């Protein structure tokens, strides 16, 4: 039996397989959503904590970490449409701390072995992660600049928003380091999104969260998405878990009263948000509808099309520190874009996961959106089986 392109029997397979991951202790619980042609299918499996008895509820609040990045990019594009930012304008006037950069002669060079930057950093550089600085995903002692960044505490590891200090102080620390690459020349992960969030705040004249709330969250009805969880919502918030490599058992990575229990001084555009299934689905629906949500336009169609178009050159992909990822993927504004179909997702699909156990993607050709939320952090940059199986299950359920 089929309903709007999903096969009911194959949707049941999704529940069975994901329940198996929960039963084997790979995640305390799983919330999964697949949507196609206006039809949503949701699975609520497992519990709020390992070995617990409280069932995972649909309105549970998760740390979505790097799924913050597309939201930050959307906020910047709102300001581009307002003509308060321009894609190819330098950011020096709003972020003078990063003006007049010096750049390492090579990534493993001593910190003093630099040359002047060839040009200023632009808004487009931040959106495409070509700022010139980021996380290379290499052993922490391999590069002197990475060691220095870790010592300064500018966020080169798992997100800890309370530890970043104020945006102004963070920028001063970042500005004290040489750049890893020339602006615009190389894709580097994460740091660009944090700088972009600060740029949005300064360009809008308000806090980053206040701008997000006015221009994105309230129009989309995202009532539980924020940079912290207030006390009155704390019963819906969950511990985040990591895996002890010695015992393979879950351990608390961040407790309910931890890093997200109070407003941070630094509202991180790279990995700072918490959200719920329905909140984030509203955001993805807006992108799938090319900027419109339930009759209200949040972004222009052309802006969403640009955000979800690959912006990287062949050479930039070849020099990436991310293995073979860019052989079949590109990068738009704050999210990846499938450029060659080597798996189930079609070319043009877009999205991005969060390292604390979440994932989201949209496939315009199939009119398909998928979201999966767990409390169990990834053990590596490669998503775990519970995430990869979810995407297989979403596509195998298509029946037309």
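The table below gives the values:
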| item | result |
| --- | --- |
| Reciprocal of mean inverse Cα separation for the range 241-400 (Kirkwood radius, Å) | 17.5 |
| Order of 150, 317, 69 under a 10 Å beta carbon neighbour criterion, fewest first | 150, 317, 69 |
| Residue exposure sequence - 91, 256 - by fewest surrounding Cβ within 10 Å | 256, 91 |
| Per-residue [θ]222 nm for the chain (sum of -39500 (n - 2.57) over DSSP H runs n ≥ 4, rounded to 500) | -8000 deg cm²/dmol |
| Value of Rg/Rh across the range 66-222 [Cα atoms, Kirkwood radius] | 0.96 |
| Reference-scaled alpha-carbon Rg (2.2 N^0.38 Å with N residues) for the range 43-101 | 1.94 |
| Overall Cα dimensions of the range 1-71, principal axis frame, Å, largest first | 36, 32, 18 |
| On Cα atoms only, tilt of 385-396 relative to the major axis of the chain in degrees | 60 |
| The range 161-198 versus the range 94-159: alpha-carbon centroid distance in Å | 7 |
| Overall dimensions of the range 200-305 as given by Cα atoms, namely Rg and Dmax in Å | 16.5, 52 |
| Euclidean distance of C-alpha centroids, the range 7-69 and the range 256-318, integer Å | 21 |
| Spread of Cα-to-Cα distances over 5 Å intervals beginning at zero, given as percent, for the range 114-184 | 3, 15, 23, 26, 23, 9, 1 |
| Mean shadow area of the range 281-366, taken as a quarter of the surface of its Cα convex hull (nm²) | 6.3 |
| Over the range 1-126, volume per residue of the alpha carbon convex hull, in Å³ | 232 |
| Calculated FRET efficiency for the pair residue 40/residue 341, C-beta based, R₀ 25 Å, to 0.05 | 0.50 |
| In Å, descending, principal axis extents of the Cα set of the chain | 63, 47, 42 |
| Nearest 10 degrees, 0 to 90: helix 8-23 Cα axis against the chain principal axis | 70 |
| Rounded tilt (10° steps) of 277-288 against the dominant C-alpha axis of the chain | 70 |
| Fewest-first sequence of 98, 273, 87 by Cβ atoms within 10 Å of each Cβ | 87, 98, 273 |
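Read-outs throughout are calculated quantities, based only on the coordinates presented, and are distinct from any laboratory measurement. All of these numbers come straight from a predicted model, not from anything done at the bench. FYI the Cβ positions are ideal-geometry reconstructions off the backbone, even for glycines, and counts take in every protein chain you see.
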